[in-house]
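The values are calculated or read from the model by the stated rules, or taken from the named source; none is laboratory data. Predicted model, so just to flag it, every value in this text is computed and none were measured. For neighbour counting, all protein chains shown are included, and Cβ atoms are generated from backbone atoms with ideal geometry for every residue, glycine included. The area values use the complete protein model at the heavy-atom level, side chains included, leaving out ligands, DNA and RNA. Shrake-Rupley method; radii C 1.70, N 1.55, O 1.52, S 1.80 Å.
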Amino acid sequence: LADTLRAGLDWQARPIRLFGRQVLQPRLMDWAGDHPYTYSGLTLGPKPWPDALQDTRDRVHATTGIPFDHVLANRYRDGRDSMGWHSDDEPELGPDPPIASISLGAVRRFALRRKDRTGERVVLDLPHGSLLLLAGATQRRWVHHVPKTARPVGERINLTFRRILSPRPP
């Protein structure tokens, strides 16, 4: 699957708005989805599902029971590529949205930190083939990220499946 996605998706570094300025995301990304999805000032329009992503979505649905209709594919080329602290709490995802995350390739660290400043953290090393489901109040109570690392690390592809409940108007 990783080889198919690496060769078959339209990987790009896209600009997003962070703290009032536009910057390129520190990783490559692509997506597929039935509805538009907006985050960090970037709107991703509906885009057809390649067979490999459709098949994976069907397997995630069978495993979780959740009918996801959008996927962000993130390609971390090495330890310099990362994802900053954030919650997937955009209005179109509804309250307490479930996010299913599949990791392919190199093991990368995934950290969660409580929003209430208690200092509580959870750190996971996500291996190839793992499925992580963030559900319930996770997005409301926690932020998460994939930090940069100076240690040598291979490429990782991460698929994050979402369900758009109320698409934003264009």
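Set the Förster radius R0 to 30 Å, insert the Cβ-Cβ distance between T64 and V123 as r into 1/(1 + (r/R0)^6), and round the FRET efficiency to 0.05.
So the FRET efficiency works out to roughly 0.85.
To the nearest 20 debye, what charge dipole does the chain have about its Cα centre, counting +1 at the Cβ of each Lys and Arg and -1 at the Cβ of each Asp and Glu?
Charge dipole of the chain: 800 debye, to the nearest 20.
Under a Cβ-Cβ cut-off of 10 Å, what is the net charge of the residues other than R162 that fall near it, where Lys and Arg count +1 and Asp and Glu count -1?
Around R162, the surrounding residues sum to -3.
Quick one: what are the phi-derived ³J(HN,Hα) couplings along the range 81-89, Karplus 6.51/-1.76/1.60 with θ = phi - 60°, whole Hz, x for glycine and proline?
7, 7, 9, x, 4, 6, 10, 8, 10
Considering just Cα atoms, how many Å³ per residue does the convex hull of the chain enclose?
Convex hull volume per residue, Cα atoms: 120 Å³.
Top mean-square fluctuation among T149, T38, T63, Gaussian network model of the chain, C-alpha springs under 10 Å?
T63
Under 1.5 on a/c is rounded, so check that first for the range 1-89, then, if it is not, pick prolate when a/b is larger than b/c and oblate when it is not; a ≥ b ≥ c are the square roots of the alpha carbon gyration tensor eigenvalues.
Since a/c reaches 1.5 and a/b is larger than b/c, the shape of the range 1-89 is classed as prolate.
Excluding F68 itself, calculate the net charge of residues whose Cβ lies under 9 Å from the Cβ of F68, where each Lys or Arg counts +1 and each Asp or Glu counts -1.
Residues near F68 contribute +2 overall.
How much accessible area per residue does the chain have, counting only protein heavy atoms and a probe of 1.4 Å, in square angstrom?
51 Å²
Calculate what fraction, in whole %, of the accessible area of the chain sits on carbon and sulfur atoms when a 1.4 Å probe is rolled over the protein chains.
54 percent
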